[in-house]
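Heads up: the structure comes next, in structure tokens.
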Amino acid sequence: MTPAQYDYIVVGGGTAGNIVASLLSDSPSLSILLLESGPYTKYSLLSLPSIPGLTSLNVASGALDHKLKLSPQTAALKTSASPGFANRSIPIPRGKVLGGSNELNFMLHVPATSGDYDNWARITGSDLWSASRMKAHEEAYTENIQPTTKTPADANAVSNAFVASHPDAFLYTAAVKDGVRSSTARAYTHPRLLDGRENLHVHVNAEVDRLLTNGTHVTGVSFADGRTAYATRETILCAGAYHSPALLLKSGIGNSEVGKNLQDHPIVGLKYRLQGGSSWWPFSLTLLSVFGSYHTFADYWRGHGPLSTSGVDFGLFGHSSDKWKQEDRPDLQLHGMPTAGDKGLIKDFLKFEQTFMDSFGTASDYSPLFSQGAVIAPTLLHPVSRGTVSIDARGEPVIEHEYYSEPDDMRRMVRCVRLAQEVMAGGAMAELEPELLTHKVLEEELGRDTDEYWEEYIRLFGFLVYHPVGTCSMGGGEEGVVDAQLRVRGIRGLRVCDASVMPEITSGNTNVPTGAVAHNCVAMVKEAQE
């Protein structure tokens, strides 16, 4: 059988891969192959991935997650035990489906700041990553995704109270169109396939084993089943910040920086009772308040109501010092959820152990029907600590985080907790009588509300917000895994285009800047064709 041949092969059908493949296919003379290791997603309005309000169930199910798709002999994607997380090994959900983690995430549509992009331009020494250019790519991405910003009239009472309690608080914009998840598979690839785009070839359940080379040129890919496919122009690696470096390492491609510079956003959950913690008809989101109303499904069909939101509805950005404000790069973020957090959220998505629920509050605080409260998640946006991605004997990613190995990271994370406490104690939130649940044993040992208490709390109950970047970082001169045009150093015919190329993580959720990176990559590929 003659091996398949295309102009471009795009490896990885996540946020970036769908954009790159789809936009390149807009040139009818080019043949594009998009490869995804998982299946097609289900686009029906009532499928689990489609309904924003069931996101935590979608993540917990593991049906579209790499961690359940690995063979029994291989471990789930987990961090190695990190002292910063009290030697806990933390599962990391990664989408294994056309759309990638864009089909699993909480859909927050958060642009990077101009300071983020100008910092990239400084690191790479290239205006290709300037704020003026990248903001235009963000706008193009947003036009395709068509996200929704929740209005106060459609927001939960808890969300509106939080926003009213601080001048910088806001309701999040989400990648939700007409009440349904809007991923890059849905917004870019699927419409083109429905239109009969003959030069766009999408292969799902396609496990790429390694990249093929001929001397100093990448010529294509080989699959786990022994098949091959060849690219006459370029192969573009879009497998994400864990699998892109793993595939480079497995293929023996790239310099010594491959897999280094791993960054993510550390996060920790604070659980609050509101007005006593329980109610026969709670104003916070529970199964009762959501599904007990006959309006719920009618609202969902019209693109409104609690099922049209992921539940991470309100937030705030802050600065631990004037340095971050001057650079236009906030280093603190609050993710707010208008729910007390039942078992499904606390254990299955936030990955807290049963010991968390045993140590905080009573059973009524976790009732899926009657609990009344909120979860506020302080997040550190610019950690100094770095991690690595390597591979095991099977070529699977081994992920090592070193969070809080830098004392300043812990100091700023505690400051973020204090920011959350300040907002929850004032203004309209105070009228809801918030009561922060605490760990009694830690309090007895370290004191009530001391910095030492919060440092240990963060180590015991902190986790990652699943924004990995930096492991195929771009750099200027001879630095970085890729150059400013995303070309892998030391070899021709290969680019990397996903969050792994970000030299420094952005000031917020990383999906929008990843989309902008993909748009920028396509622009550079097209410029090279001219």
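Any idea how far the Cα center of the stretch 230-273 sits from the one of the stretch 96-144, in Å?
Measuring centre to centre over Cα atoms gives 16 Å.
With a Förster radius of 35 Å, plug the Cβ-Cβ distance of Ser47 and Gln275 into 1/(1 + (r/R0)^6) and report the FRET value to the nearest 0.05. Show your work: numbers first, answer last.
Values: r = 36 Å, r/R0 = 1.02.
Given R0 = 35 Å and the Cβ-Cβ separation, E is 0.50.
How many percent of the accessible area of the stretch 131-188 is carbon or sulfur, using a 1.4 Å probe?
Values: 1200 of 2320 Å².
After summing per-atom areas, the C and S share lands at 52 percent.
So what is the accessible area of the stretch 439-530 per residue, in Å², with the probe set to 1.4 Å? Intermediate values should be presented prior to the final figure.
Values: 3040 Å² over 92 residues.
Accessible surface, normalised per residue, equals 33 Å².
Based on the Cα coordinates of the stretch 401-530, what is the per residue volume of their convex hull in Å³? Could you put the intermediate results ahead of the total?
On the way: hull volume 19.6 nm³, N = 130.
Looking at the stretch 401-530, the number lands at 150 Å³ per residue.
Run the simple label-point estimate for Thr362 and Arg448 please: 7 Å along Cα→C-beta, distance reported in nm.
1.9 nm
Ignoring ligands, DNA and RNA, how do Asp264, Asp154 rank by accessible area with a 1.4 Å probe, largest first?
Working: Asp264 0, Asp154 50 Å².
The ranking, largest first, comes out as Asp154, Asp264.
Which entries in Lys177/Lys260; Lys260/Lys323; Lys96/Lys260; Lys135/Lys323; Lys260/Lys325; Lys135/Lys325 show an alpha-carbon gap greater than 31 Å?
On the way: Lys177/Lys260 36 Å; Lys260/Lys323 26 Å; Lys96/Lys260 23 Å; Lys135/Lys323 23 Å; Lys260/Lys325 28 Å; Lys135/Lys325 19 Å.
Listed pairs above 31 Å: Lys177/Lys260.
By a straight-distance test (C-alpha under 12 Å), which aspartates and glutamates pair with Lys271 as possible cross-link partners, with residues fewer than eight away in the same chain excluded?
Lys271 reaches Asp342, Asp365, Glu435.
Near Lys42, which aspartates and glutamates are there with a Cα under 12 Å away, not counting those fewer than 8 places off in the same chain?
Straight-line reach from Lys42, under 12 Å: Glu103.
How many angstrom lie between the C-alpha centres of the stretch 469-525 and the stretch 1-33?
Between the Cα centre of the stretch 469-525 and that of the stretch 1-33, the gap is 18 Å.
If all Cα-Cα distances of the stretch 120-164 are sorted into 10 Å bins from 0 onward, what percent lands in each bin, rounded to whole numbers?
Percent of pairs per bin, in order: 23, 25, 24, 22, 7.
The values are calculated or read from the model by the stated rules, or taken from the named source; none is laboratory data. The structure displayed is predicted, hence computed values, not measured ones. Cβ sites come from the backbone with ideal geometry, for glycine too, and all protein chains shown count toward neighbours. Surface accessibility is based on the protein's heavy atoms, side chains included, excluding ligands, DNA and RNA. Shrake-Rupley method; radii C 1.70, N 1.55, O 1.52, S 1.80 Å.
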